[in-house]
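Notes to accompany the following structure.
Nothing in this text is a laboratory measurement; each read-out follows from the coordinates by a stated rule. Predicted model, so just to flag it, every value in this text is computed and none were measured. Every residue, glycine among them, receives a Cβ derived from its backbone with ideal geometry; neighbour counts consider all protein chains shown.
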Amino acid sequence: MSLESIIENITDTKPRIVSVIGAGLSKASGMPTFRGEDGLWKKYRAEELATPYAFSRDQKLVWEWYRFRMRMLLRAKPNPAHNALKKLEEKNIAIGLITQNVDGLHEIEGIKNFVEIHGRIRYARCMNCNYSERWDNEESAQEEIPLPYCPRCIDSVLRPDVVWFGESLDSQRWEKAINWTNQASVLLVIGTSGVVQPVASLPLYAKQNKAIVVEFNVEETPISSFCDYSIYGPCEKTLPNFTSKLIKKLE
Ligand code: BV8
C-alpha cells in the first residue's frame with residue numbers, strides 16, 4: 001500500500017498519535033541496538049548485564065558497560081527521526097511518546113510529552129536513599145575510574161537509573177503509557193524488536209481500543225502480524241517522509 005493511501009486511511013478524523021519507540025530509532029545517532037549484530041559488548045548480551053543479579057555479582061563490569069555506552073552517547077546527537085516526532089508534537093498531532101530508550105536524545109531534540117518507561121542512563125541513583133545525580137560527562141564516563149558511591153550513604157554504590165530485566169516498571173510511568181495508548185487513535189511503533197514485555201504488549205492494547213497501528217522497522221517483528229501497516233526502511237528516512245506528508249494532509 002502506498003504511503004499516501006496509509007495517510008489517507010489514518011486521517012479520516014484528526015489523528016491522536018502516540019509513538020512507542022525502541023533502540024532502532026537511535027541507531028542513526030550512533031547508538032547500538034540491543035539485539036542486532038551490534039548488540040554485543042565484549043562477550044556479553046544486554047540481557048546478561050542489565051539485571052540486578054549481574055550488578056550484585058560484578059558492579060565493576062556492569063559500570064564498565066554503562067560507561068562504554070555513555071562514551072558513545074556523549075558523541076551522539078538526535079537524528080531526523082527524533083525531529084519528525086518533535087514536529088508531530090508541535091503540530092498537536094502527537095499526544096505522547098513512550099520510549100524504551102534510556103538515551104535522552106528525544107529530550108535533547110526538544111520533545112516534551114514523553115515517558116522514559118525503562119528509565120534514563122544519564123542519571124545514577126542510590127539503592128538506599130533517594131539520592132540521584134547526572135553522570136553524563138566525560139569524566140564520569142572514563143573507562144577506568146572508581147565506582148560511584150552515594151555521598152549520603154557513604155558505603156552504597158550508585159546504580160544507573162534504568163529498569164533492569166526482572167525489575168518492575170515504575171507504576172506511574174506505566175500508567176501514563178497505558179493511558180496514552182488508550183487515548184491513541186493511531187499508534188506508531190518505531191525501531192523496536194517488540195520482544196521486551198510489558199511494553200511489547202502496548203500495540204495489542206491499542207488494537208483492542210480500535211486504534212490503527214503503524215510499524216516502522218527495517219524487518220518484520222513479532223508485532224508485524226497485527227499491525228495495520230508496516231513501513232519498512234530506516235526510520236531516520238521513513239518517519240520524516242511519513243510525518244511531512246501527514247502534516248501537509250492535515251493542514
Ligand atoms: C517486568 C533498560 C515485571 C536497561 C531495558 C523472566 C524473568 C524476569 C522477567 C522476565 C522473564 N521473561 C520475560 C520477562 C520480562 C522481561 C522481558 O521482557 N524479557 C525479554 C528479554 C523476554 N521484562 C522485564 O523484566 C521488564 N519488567 O516484566 O516487570 C516482572 C518483574 C519481575 C519478574 C518478572 C516480571 C523490564 C524490562 C526492561 C529491561 N530494560 N533497558 C538498559 O538500557 O541498560 S530493555 C532494553 O530492551 C532497552 O530498553 C531496549 O529499548 C529494549 C527493547 O529493545 P528494542 O528497543 O526493541 O531494541 P532491539 O535491539 O531489541 O531492537 C531494535 C529494533 O530496531 C529491531 O527490530 C531492528 O530491526 C530495528 N532497527 C534497527 N535499525 C533501525 C531499526 N528500525 C528502524 N530504523 C532503523 N534504522
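The table that follows gives values for the structure above.
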{"quantity": "Cross-link partners of Lys245 among lysines (Cα-Cα below 30 Å; sequence separation of 8 or more within a chain)", "calculated": "Lys14, Lys27, Lys77, Lys86, Lys87, Lys91, Lys112, Lys176, Lys207, Lys210, Lys237"}
{"quantity": "Charge sum, other residues only, whose C-beta stays under 15 Å from Ile223's C-beta, Lys/Arg counted +1 and Asp/Glu -1", "calculated": "-2"}
{"quantity": "For the chain, radius of gyration divided by Kirkwood radius, i.e. Rg to Rh on alpha-carbons", "calculated": "0.99"}
{"quantity": "Exposure proxy ranking, count of Cβ atoms within 10 Å, fewest first, for Lys14, Lys91", "calculated": "Lys14, Lys91"}
{"quantity": "Positive minus negative residues near Trp180 (Lys, Arg vs Asp, Glu; Cβ under 14 Å)", "calculated": "+1"}
{"quantity": "Value at 222 nm in deg cm²/dmol, rounded to 500, when DSSP H runs of n ≥ 4 in the chain each add -39,500 (n - 2.57)", "calculated": "-9500 deg cm²/dmol"}
{"quantity": "Residue with peak Gaussian network fluctuation, the chain [Cα springs, cutoff 10 Å], from Gly22, Gly96, Gly110", "calculated": "Gly110"}
{"quantity": "Leu61 versus Glu143: modelled label distance in nm, points set 7 Å from Cα along the beta carbon direction", "calculated": "1.8 nm"}
{"quantity": "Calculated from backbone phi, Karplus (6.51, -1.76, 1.60) coupling profile of the stretch 213-222 in Hz, x at Gly/Pro", "calculated": "10, 10, 9, 10, 7, 9, 8, 5, 9, x"}
{"quantity": "Sequence of Cys129, Cys235 once ranked by neighbouring C-beta atoms within 10 Å, starting from the fewest", "calculated": "Cys129, Cys235"}
{"quantity": "For Ala94, distant residues with modelled amide H under 5 Å away", "calculated": "Ile17, Glu89"}
{"quantity": "GNM top mover of Ile223, Ile154, Ile108 - the chain, alpha-carbon springs below 10 Å", "calculated": "Ile154"}
{"quantity": "Förster radius 35 Å - calculated FRET efficiency between Tyr205 and Lys112 (Cβ-Cβ, nearest 0.05)", "calculated": "0.90"}
{"quantity": "Sequence-distant residues sharing a close amide H with Ile212 (under 5 Å, placed H)", "calculated": "Val186, Leu187"}
{"quantity": "Backbone N within the stretch 207-251 under 19 Å of label point (7 Å from Glu90 Cα along the Cβ vector)", "calculated": "236-251"}
{"quantity": "FRET E, pair Phe226, Arg134, Förster distance 35 Å, beta-carbon r, rounded to 0.05", "calculated": "0.35"}
{"quantity": "Within the chain, longest stretch clear of exposed chymotrypsin sites (Phe, Trp or Tyr not before Pro) (DSSP loop, no more than 16 other Cβ within 10 Å)", "calculated": "1-130"}
{"quantity": "Fraction of antiparallel bridges per DSSP, the chain only, in percent to nearest 5", "calculated": "30 percent"}
{"quantity": "Local electrostatic count, Leu250, Cβ distance below 9 Å [Lys/Arg +1, Asp/Glu -1]", "calculated": "+3"}
{"quantity": "Cysteines, the chain, no other Cys beta-carbon under 4.7 Å", "calculated": "Cys129, Cys227, Cys235"}
{"quantity": "Label point distance in nm, Asn83-Glu48, each placed 7 Å from Cα along Cα→Cβ", "calculated": "3.9 nm"}
{"quantity": "Residue order, fewest to most surrounding Cβ atoms within 10 angstrom, among His106, His82", "calculated": "His106, His82"}
